[in-house]
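The values are calculated or read from the model by the stated rules, or taken from the named source; none is laboratory data. Please read these numbers as outputs of a predicted model, since none were measured by experiment. Here the Cβ positions follow ideal geometry from the backbone for every residue, glycine too, while neighbour counts run over all protein chains shown.
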Amino acid sequence: MNLTTPDGRYFVVKGQLWRCSNPSLREDVRHQLVDGLMAARREVKAAKVSGDHAQLTTARARVQTAKVALGERGPVWWVGGSPNFNRCQVANTPYADWYPSLRAANFRTPGEK
């Protein structure tokens, strides 16, 4: 199950917030950026296997560039000055009350009310 915060800024994995891509990106642009990100991740993997430190550094920089362009890193894509809670535990953020209540509602056993 993919849990996304009510404001659409983050998704939750194992109790940790990860910033969502900027929803205002055009679909064709987002698709190109994701393709570039996946290619850069493959380059990271290849560089690790080869042991080429310079190649690894370059590949990791490409991953960072793609993630910033997608809005997942770097300056936040939303307005209003809300802080960035990327990579924070949900329990340590303003979403702390939302998350357990959502999990309780979605993880009930069959027949439970």
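List of remarks:
- Test result for ASP52, more than 16 Å from the chain's Cα centre (by Cα), over 22 Å from VAL12 (Cβ atoms) and of a type in the set (Asp, Glu): yes
- Of all residues making up region 78-96, the number that are at pLDDT 90 or above and exposed (fewer than 10 other Cβ atoms within 10 Å of the Cβ): 2
- Pairs are defined by a Cβ separation below 7 Å, a sequence spacing of at least 6 or placement on different chains, a first member in region 1-22 that is assigned to a loop (DSSP other than H, G, I, E, B), and a second member that is surrounded by 14 or more Cβ atoms within 10 Å (Cβ to Cβ) and acidic (Asp, Glu); the pairs so defined are SER21/GLU72.
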